[in-house]
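Reviewing the structure listed below.
The values are calculated or read from the model by the stated rules, or taken from the named source; none is laboratory data. Computed from a prediction, not measured in an experiment: that's the story for all the values here. A quick note on method: Cβ atoms are made from the backbone with ideal geometry, for glycine too, and the neighbour counts reach across all protein chains shown. Areas reflect the complete protein model, heavy atoms only, side chains present, ligands, DNA and RNA absent. Shrake-Rupley method; radii C 1.70, N 1.55, O 1.52, S 1.80 Å.
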Amino acid sequence: MSVNPPDDGSPTPGPALSLQDCRISPRRRTARWTDDDVTAADAMDFWAFAAGAANVIMQLSWPQVGYGVAESRVDSGNLLKHPWKRARTTFQYLAVAIMGSDDDRAAFRAAVDGAHRQVQSTADSPVRYNAFDRDLQMWVAACLFVGLEDTYQLLRGAMTSEQAEQFYRSAWTLGTTLQVTEDQWPATREGFDAYWTTACRRVSIDETVRGYLMDLINLKMINPFLRLPFRPLLKFLTAGFLAPVFRDALGLSWGRGRQWWFEQLFLFVAFVNRFLPVFLRQGGSYVLLADVRRRVRSDRSLV
């Protein structure tokens, strides 16, 4: 699958990138847990939420997605105005897409479609966008996949080629839960890498979107008493979970010292994770999924 330069006023794709430019690649990984079959559901440990802010940055690094969020008139889903609600709905989408039933996905698709109908560019927008654009949805889904795969391998060790294919195929619902079609997904894990490195050429963050994202990682939307103790950790984790192409676009500094501490942190977290039972590691995802089903039964809003 290729990504062609968009004719929508967004920047021309930059020069070719290597996979190392576009993915995090810690030198020190935890030892592989098992050689059993894997699925994306195995990545839904609560530790994976630590990469949430980094994934938002990745998604919004395409100008059309960045402006679609920054200019959105859907205040109920505005991350900077309703941070806890937006966090809930984002993580619920992951739980539904990866662990939910067909009925769960249909209900969530209908709810998201309702919000997306209001997300379209105006005559004053620097780039043209529409939330129903399948190429944009493919990019967002690809970012979610990359985030899940990165956190999974930090916690469980690098996958074999066969496991990587299993994991990849099971994650297609990240996009097909909305408008992405199965034929949009590259057929193989290797094909996805080719898509990803090409798609990352369209990464471009201007001052408007950068200001929005910096407000996010500086926690401008929460109480100052909560902001002060958690902001340094969030900025560290966010930068650590970003590949060089995204850190450079946002203007975040990084170096060998911080990389070493990031790797040591996740070696420790991965060691602890081995001894936690599944109901503790993944209990949060099941609670989120149960809340979706409860909201559907009581005819309450999902997003």
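Observations on the structure shown:
- Meets criteria (closer than 24 Å to Ala199 by Cβ, modelled with pLDDT under 85 and acidic (Asp, Glu)) for Asp75: no
- Helices (runs of 4 or more DSSP H) (entirely within region 33-124) containing at least 2 residues that are within 18 Å of Ser285 (Cα to Cα), within 20 Å of the chain's Cα centre (by Cα) and without any contact (Cβ under 8 Å) to a residue 24 or more places away in the chain: 83-99
- Single unsatisfied condition, Gly284 versus (1) open to solvent by 20 Å² or more (accessible area, probe 1.4 Å); (2) assigned to a helix (DSSP H, G or I); (3) touching a residue at least 60 places away in the same chain (Cβ under 8 Å); (4) closer than 25 Å to Asp21 by Cα: (4)
- Among (1) more than 24 Å from Ala164 (Cβ to Cβ); (2) free of Cβ contacts under 8 Å to residues at least 60 places away in the same chain; (3) in a loop (DSSP other than H, G, I, E, B) - the single one Ser204 does not satisfy: (2)
- Residues within region 20-62 that are loosely packed, with under 14 Cβ neighbours inside 10 Å and either in contact with a Phe, Trp or Tyr (Cβ under 7 Å, 6 or more places away or on another chain) or of a type in the set (Val, Ile, Thr) (or both), tallied: 1
- Residue ID - nearest to Val272 (Cα to Cα), chosen from residues in region 130-174 that are open to solvent by 30 Å² or more (accessible area, probe 1.4 Å) and of a type in the set (Gly, Ala, Ser): Ala158
- For region 260-281, taking the residues that are among the charged types (D, E, K, R) and open to solvent by less than 90 Å² (accessible area, probe 1.4 Å), the one that is farthest from Asp45 (Cα to Cα) is identified as Glu263.
- When Ala239, Ala194, Ala199 are screened for being farther than 29 Å from Arg105 by Cβ, in a helix (DSSP H, G or I) and among the aliphatic types (A, V, I, L, M), only Ala239 passes.
- Within region 152-167, tally of residues that are hydroxyl-bearing (Ser, Thr, Tyr) and part of a loop (DSSP other than H, G, I, E, B): 1
- Residue in region 228-242 that is hydroxyl-bearing (Ser, Thr, Tyr) and within 26 Å of Pro13 (Cα to Cα) present: yes
- Residues that are touching a residue at least 60 places away in the same chain (Cβ under 8 Å) and open to solvent by 10 Å² or more (accessible area, probe 1.4 Å) within region 242-259 comprise Pro244, Val245, Ala249, Gln259, listed in sequence order.
- Answer from Leu233, Leu178 - the residue that is in a loop (DSSP other than H, G, I, E, B), closer than 28 Å to Ser285 by Cβ and either among the basic types (Lys, Arg) or at pLDDT 90 or above (or both): Leu178
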